[in-house]
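Colleague: If you scroll down you'll find the structure; I have some questions about it.
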Amino acid sequence: MKAGMDAVIDGGSKDGIISIAAGNYGGNLGPHHFHLKEIVG
């Protein structure tokens, strides 16, 4: 996941990326919980 996010960040706005976000659906999509700030940080 970190490698993918790093690739998006490196490409940035020149590739049309505006933001990276995540939804929180109360755990209804599965047991995994990723903290984006920890992954990128």
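All of the numbers you see were taken from the coordinates with simple rules; none came from a lab. Fair warning: this is a prediction, and the values are worked out from it, not measured in the lab. In this analysis, Cβ positions are derived from the backbone assuming ideal geometry, glycine residues included, and neighbour counts consider all displayed protein chains.
Colleague: Using a cut-off of 14 Å between beta-carbons, work out the net charge of the residues near residue 7 (Lys and Arg +1, Asp and Glu -1, residue 7 not included).
Modeller: So the surrounding residues net to -1.
Colleague: Follow-up question, since we're still on this one. So how far apart, in nm, are the two label points at residue 15 and residue 28 if each is 7 Å from Cα heading toward Cβ?
Modeller: 3.1
Colleague: While we're on this one: How tilted is helix 2-11 with respect to the longest principal axis of the chain? Cα atoms for both, answer in degrees (0 to 90, nearest 10).
Modeller: For 2-11 against the chain, the angle is about 30 degrees.
Colleague: Could you quote the convex hull projected area for the chain, Cα atoms only and averaged over all directions, in nm²?
Modeller: Its average projected convex-hull area is 3.3 nm².
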